[in-house]
Amino acid sequence: MTKYKPISEKYPHFLHGGDYNPDQWLNYPRILDEDIRLMKLANWNVVSLGIFAWAALEPEEGKYQFEWLDRIMDKLYDNGIYVILATPSAAPPAWLVQKYPEVARVDSNRVRHLFGGRQNHCFTSPIYREKVRSINRKLAERYKDHPALIAWHVSNEYGNDCHCDLCQEAFRNWLKKKYDNDIKKLNHEWWSYFWSHTFTDWSQIQTPSPIGETTIHGLNLDYKRFVTDQTVDFFKNEIAPLKEFTPNIPITTNFMGTFPGLNYWKFAKHLDVISWDSYPTWHGNEEDWVVAYKTAFVHDINRSLKGGQPFMLMESTPSVTNWQLVSKLKRPGMHALSSIQAVAHGADTVQYFQWRKSRGGFEKFHGAVVDHCGHENTRVFKDVKEVGEILKRLDPIIGTSVKPEVAIIYDWENSWAIEDAKGPRQEKKDYLLTCQSHYRPFWSKCVPVDVIDMESDFNRYKLLIAPMLYMIKDGVAERIKQFVKNGGTFVTTYLSGIVNENDLCYLGGFPGPLKEVLGIWSEEIDALHDKDENYVVFNETNELGIRGEYKTKELCEIIHLEGARDLAKYKEDFYVGYPAVAVNNYGNGKAYYIAFRNNDDFVDDFYRKIIELLNIKRSIDIDLPIGVTAQLRTDGNKEFVFLLNFTDEEKALDLKDIEYIDIVDNDILSGKVILPPYGFKIIEKGN
Ligand SMILES: [Zn+2]
């Protein structure tokens, strides 16, 4: 593999900075001057500018005020700070909503919202789209040649739907297109015969509502798909003037991890670079290293969204959030560690929300680089400055990535279908948690992983893991079969192969179109109460060489072998002796089926064997203590290994007799190495 291009050729270094909202401080000219001095001191080289500045840019309809922004853009550039310029559509000004009520969104209860909040607009309204396009055109025209401009930050955290009459009409048109204008086809795919919910005319169809229809799963799924498509359509309208005036300036919008409201895989295609806002709850109820692997999982999604292309950590907090139930201060070391964690998984930027704490308003207590005290003599400021120092030494890592041999499928539409299903348990469906628990052994064993959706290409991997693949869209099973036939190893679990993409159950036995490749038939699923216990015991001579028994929880599937071999069996209950783990040879590959929900001890042992068996490449070939991971970035030639200690204890590692260059401390390392509490090392393999 080769290197990707830097995010901006104008500044081919790590970007370090964050949200800057000078529009809140226009009456404080001395503070604006002080900002520049402090930014340079904090090693900032980029700001995301004007994200909520519409009221300051267009205080009256058609009357624009750009002089303040001109001055700030110039001043930033003169001081070596680049600008990711925002479009302000996430929060329209009050005059706009007052004058054009149709721009306010209507919620699922059919209540038209008032002015306020953010992402509170209709995404279909032609008036809103026109107003957004106008302000964006003005921004693009005015700043297209500004030397500070390196990227566009479009809107902010898209993530609302609308149920107004305009959106109802747009949804019906979306459905007509999907179902070839044939309402009988829609009725079949939605199985609307149930409870006599059959539609005889398109005009009868309404978006899902708590005061109306919520029980047709096909409708719910299609509405969610429509929301993604309509948001993307809105986005395309937003970026048209940016593409027209600045075709070479990359465009992004900030995603929100595994936010369920939008299918980011559909959205990602329309972005030049992925960016996301990461706010893990460090030092909370879970151990930090557990939070770390769950966060790593999301970083890996963001890297995988564009096939490995480095992403931007658009927002993170320098200290605390003000919205987590309890948000402890980051312990010494954690700020640098969590920032470098993003880099380890493919980020080419470290950015924050926000530069200076607002004096008032909703986020006045949210962590920021400059506190209300206004000076640089704070712990947080020093932490931020230090991260800037470290990033300056990482130029060789810009544009590098990783080519994992392992992929885990975490699929948005599958998660929608699982969440919407009634049964087999209403509580603890835990699709995301289950995917993360299958990711955990790889994080601990420092094996790089891509996190993909079911429509991604599988052929570049050795091992494909698809926990709870409840929904299987057309063509996916065929691609899985081909993958295994060609020598790939496939692992899936209980609750897979149940419905098609419109949530119609597969007929002829589960796991539907995966029956053949897995060589099993799943007859029933037993839901366990939290108090219930059962165990799975490995056969003495099982080919994985796993010994002993593992506790089951929540879901136990009763399966029959139809060509597969069992590796483990249930220990108790009326399905004692039934297969609980099975493997099937198919073509040149193998397909594993895990029929029960398990604890972490099972996935740890199971995947340790699979990693050995398939000889899967690790980031570094050493043993790591619990809570420590190693992640890899490479340009195909040089290998950069990130050793990250997510515990509050010192950890000793043995690098053996291989020599590495510590690229932060510019030191040679080999043999025993100590990672301090919340410490890290970035090492390059020497020649
Ligand atoms: Zn609407």
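Would you please name the residue that is surrounded by the fewest Cβ atoms within 10 Å (Cβ to Cβ), looking only at residues in segment 191-241 that are charged (D, E, K, R) and over 17 Å from ARG110 (Cβ atoms)?
ASP201
Looking only at strands (runs of 3 or more DSSP E) that lie completely in segment 484-568, which have at least 1 residues being in contact (Cβ under 8 Å) with a residue 40 or more places away in the chain and in contact with a helix residue (DSSP H, G or I) (Cβ under 7 Å, 6 or more places away or on another chain)?
Correct list: 489-493, 520-527, 549-561.
So that you can scan it fast, the table gives a plain yes or no per residue for (1) modelled with pLDDT of 95 or more; (2) crowded, with 18+ Cβ neighbours inside 10 Å; (3) of a type outside the set (A, V, I, L, M, F, W, C):
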{"site": "THR492", "(1), (2), (3)": "yes, yes, yes"}
{"site": "LEU495", "(1), (2), (3)": "yes, yes, no"}
{"site": "VAL499", "(1), (2), (3)": "yes, yes, no"}
{"site": "LEU507", "(1), (2), (3)": "yes, no, no"}
{"site": "GLY512", "(1), (2), (3)": "yes, yes, yes"}
{"site": "GLY519", "(1), (2), (3)": "yes, yes, yes"}
{"site": "SER522", "(1), (2), (3)": "yes, yes, yes"}
{"site": "GLU533", "(1), (2), (3)": "no, no, yes"}
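Which one is farthest from the ligand (Cβ to nearest atom) among residues in segment 135-154 that are under 21 Å from VAL273 (Cα atoms) and of a type in the set (Val, Ile, Thr)?
ILE150
What is the number of the single condition among (1) among the polar types (S, T, N, Q); (2) outside any loop (DSSP other than H, G, I, E, B); (3) within 29 Å of the chain's Cα centre (by Cα); (4) within 16 Å of the ligand (Cβ to nearest atom) that THR207 does not meet?
Condition (2) is where THR207 drops out.
Hey, among the residues in segment 111-135 that are among the basic types (Lys, Arg) and crowded, with 16+ Cβ neighbours inside 10 Å, which one's nearest to GLY212 (Cα to Cα)?
Step by step, filter segment 111-135, then rank; the result is ARG118.
Does segment 326-342 contain at least one residue that is surrounded by 24 or more Cβ atoms within 10 Å (Cβ to Cβ) and under 21 Å from ARG37 (Cβ atoms)?
No, that holds for no residue.
If you go through segment 107-119, how many residues are touching a residue at least 40 places away in the same chain (Cβ under 8 Å), over 25 Å from PHE66 (Cβ atoms) and within 28 Å of the chain's Cα centre (by Cα)? Steps first, please.
Filtering segment 107-119 down to residues touching a residue at least 40 places away in the same chain (Cβ under 8 Å) leaves 107-110, 112, 118-119.
Then drop every residue that is not over 25 Å from PHE66 (Cβ atoms), which leaves 107-110, 112.
Cutting the leftovers down to within 28 Å of the chain's Cα centre (by Cα) gives us 107-108.
Residues meeting the conditions: 2.
Residues checked against (1) more than 20 Å from LEU518 (Cβ to Cβ); (2) in contact (Cβ under 8 Å) with a residue 24 or more places away in the chain; (3) in a helix (DSSP H, G or I); (4) acidic (Asp, Glu):
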| site | (1), (2), (3), (4) |
| --- | --- |
| PRO424 | no, yes, no, no |
| GLU427 | yes, no, no, yes |
| LEU432 | yes, yes, yes, no |
| CYS435 | no, yes, yes, no |
| ARG440 | yes, yes, yes, no |
| VAL447 | yes, yes, no, no |
| ARG460 | yes, yes, no, no |
| ILE465 | no, yes, no, no |
| LYS481 | no, yes, yes, no |
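Yes or no: TRP195 on the phi > 0 side of the Ramachandran plot, in a helix (DSSP H, G or I) and touching a residue at least 12 places away in the same chain (Cβ under 8 Å)?
yes
One residue is enough: does segment 124-134 have a residue meeting the conditions out of contact with any helix residue (DSSP H, G or I) (no Cβ under 7 Å at 6 or more places or on another chain) and either of a type in the set (Ser, Thr, Tyr) or more than 13 Å from the ligand (Cβ to nearest atom) (or both)?
Yes: one or more hits.
Scan segment 618-636 and report the pairs whose first residue is closer than 16 Å to TYR439 by Cβ and touching a residue at least 40 places away in the same chain (Cβ under 8 Å) and whose second residue is in a strand (DSSP E or B) and β-branched (Val, Ile, Thr), with Cβ atoms within less than 8 Å and a gap of 6+ or a chain change.
Every condition considered, the pairs that remain are SER619/VAL641; ALA630/VAL641; GLN631/VAL641; LEU632/VAL641.
Going through segment 354-387 one residue at a time, which ones are surrounded by fewer than 19 Cβ atoms within 10 Å (Cβ to Cβ), touching a residue at least 40 places away in the same chain (Cβ under 8 Å) and within 14 Å of SER339 (Cβ to Cβ)?
Within segment 354-387, LYS385, GLU386 meet the criteria.
So which of TYR82, TYR77 is away from the ligand (no atom under 16 Å from the Cβ) and surrounded by fewer than 16 Cβ atoms within 10 Å (Cβ to Cβ)? If you could, list the steps in order and put the result at the bottom.
Values: TYR82 fails: surrounded by fewer than 16 Cβ atoms within 10 Å (Cβ to Cβ).
One residue alone meets the criteria, TYR77.
Hey, among the residues in segment 155-169 that are surrounded by 20 or more Cβ atoms within 10 Å (Cβ to Cβ) and near the ligand (Cβ under 8 Å from one of its atoms), which one's nearest to ASN120 (Cα to Cα)?
Among those that are surrounded by 20 or more Cβ atoms within 10 Å (Cβ to Cβ) and near the ligand (Cβ under 8 Å from one of its atoms), it is CYS162.
Kindly evaluate ALA42 against the criterion of being of a type in the set (Gly, Ala, Ser), away from the ligand (no atom under 16 Å from the Cβ), surrounded by fewer than 20 Cβ atoms within 10 Å (Cβ to Cβ) and in contact (Cβ under 8 Å) with a residue 12 or more places away in the chain.
Numbers: of a type in the set (Gly, Ala, Ser): yes; away from the ligand (no atom under 16 Å from the Cβ): yes; surrounded by fewer than 20 Cβ atoms within 10 Å (Cβ to Cβ): no; in contact (Cβ under 8 Å) with a residue 12 or more places away in the chain: yes.
The answer is no for ALA42.
Counting only residues that are in a strand (DSSP E or B) and among the aliphatic types (A, V, I, L, M), which one in segment 664-687 is nearest to the chain's Cα centre (by Cα)?
ILE682
Looking only at residues that are basic (Lys, Arg) and either in contact with a strand residue (DSSP E or B) (Cβ under 7 Å, 6 or more places away or on another chain) or part of a loop (DSSP other than H, G, I, E, B) (or both) in segment 289-321, which one is nearest to LEU433 (Cα to Cα)?
So the residue we want is ARG303.
Of these, PRO101, PRO92, which one is within 16 Å of the ligand (Cβ to nearest atom), within 30 Å of SER209 (Cα to Cα) and free of Cβ contacts under 8 Å to residues at least 24 places away in the same chain? First the steps, then the outcome.
Numbers: PRO92 fails: free of Cβ contacts under 8 Å to residues at least 24 places away in the same chain.
When all the criteria are applied, what remains is PRO101.
Restricting attention to segment 423-456, and to residues there that are farther than 23 Å from ALA292 by Cβ and under 18 Å from the mean Cα position of the chain (by Cα), which single residue is surrounded by the fewest Cβ atoms within 10 Å (Cβ to Cβ)?
This residue is GLU455.
Give ASN173, ASN136, ASN160 a once-over and let me know the one that is within 31 Å of the chain's Cα centre (by Cα) and modelled with pLDDT under 95.
On the way: ASN173 fails: modelled with pLDDT under 95; ASN136 fails: modelled with pLDDT under 95.
Result of the check over ASN173, ASN136, ASN160: ASN160.
The values are calculated or read from the model by the stated rules, or taken from the named source; none is laboratory data. The model shown is predicted, which means the values in this text are computed figures rather than measured ones. No Cβ is skipped: glycine too gets one built from the backbone with ideal geometry, and neighbour counts run over all protein chains shown.
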